[in-house]
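Chemist: Here it is: the structure, laid out below.
Throughout, read-outs are computed from the coordinates displayed, never taken from laboratory work. In this text, all values refer to a predicted model and were calculated from it rather than measured experimentally. Here Cβ is always computed from backbone atoms with ideal geometry, including for glycine, and neighbour counts include all displayed protein chains.
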Amino acid sequence: MVKNITDKEFEAMMVTSDKPIVVDFWAEWCGPCRQLGPVIDELSSEMSNVEFVKLNIDENPETPSKFGVRGIPTLILFEAGKQKSVKVGALPKSALKEWVESNV
């Protein structure tokens, strides 16, 4: 199961995680975000070398603002606490998996 995190948890994760992290910036009212949710859940259980988390932009405006998130869903892959790659929009599972694998 993909963990929902807050702005505060985001900062701590960047410092403590030894795996690459994919953050899904989403909102409850966003249709494409809701479509992407199950895909991220599946990938999370298939890809043990990467951590997947979700951050609700309405409840946690600080982090999306810091990384210039303008549209959702936005996925940002972080490695060693640094932003490595960004994808905007809902993707099919195969495309999302390929993007993650090509960046880790």
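Chemist: Report the charge-dipole magnitude of the chain in Debye, nearest 20, computed about the Cα centre from +1 at each Lys and Arg Cβ and -1 at each Asp and Glu Cβ.
Modeler: It works out to roughly 280 debye.
Chemist: Rank VAL88, LEU43, ILE57 by how far each Cα sits towards the positive end of the charge dipole of the chain (+1 on Lys, Arg Cβ; -1 on Asp, Glu Cβ) and give me just the farthest.
Modeler: Farthest towards the positive end: VAL88.
Chemist: Going by the alpha-carbon gyration tensor, a ≥ b ≥ c the square roots of its eigenvalues, is the chain rounded (a/c under 1.5) or, if a/c is not under 1.5, prolate (a/b greater than b/c) versus oblate?
Modeler: Rounded is the answer for the chain, as its axis ratio a/c remains below 1.5.
Chemist: Further, regarding this structure: Of VAL2, VAL23, how do they rank once you tally other Cβ atoms within 10 Å and put the fewest first?
Modeler: By the 10 Å Cβ count, ascending: VAL2, VAL23.
Chemist: Which whole-Hz couplings ³J(HN,Hα) result when phi for each residue of segment 57-65 is put into the Karplus expression 6.51 cos²θ - 1.76 cosθ + 1.60, θ = phi - 60°, listed in order with x for Gly and Pro?
Modeler: 5, 6, 8, 9, x, 5, 5, x, 5
Chemist: What GluC sites (Glu not before Pro) does segment 1-60 have in DSSP loop regions with at most 12 other beta carbons within 10 Å?
Modeler: Here the GluC sites (Glu not before Pro) that fit, given the DSSP loop and packing criteria, are GLU28, GLU59.
Chemist: Right, another one. For a footprinting-style exposure proxy, rank ARG70, ARG34 by other Cβ within 10 Å, fewest first.
Modeler: So the ranking, lowest neighbour count to highest, is ARG70, ARG34.
Chemist: What is the fewest-to-most order of PHE67, PHE10, PHE25 by other Cβ atoms lying within 10 Å of their Cβ?
Modeler: The fewest-first ordering by Cβ neighbours comes to PHE67, PHE10, PHE25.
Chemist: Next question, about the same structure. Go from 0 up to the bin containing the longest alpha carbon distance in segment 6-63, width 10 Å each, and give me the % of pairs per bin.
Modeler: 22, 50, 28, 1
Chemist: Which one of ALA27, ILE76, MET13 is farthest out on the positive end of the charge dipole of the chain, using unit charges on Cβ (Lys, Arg +1; Asp, Glu -1) and the Cα centre as origin?
Modeler: Going by the Cα projections, it comes out as ILE76.
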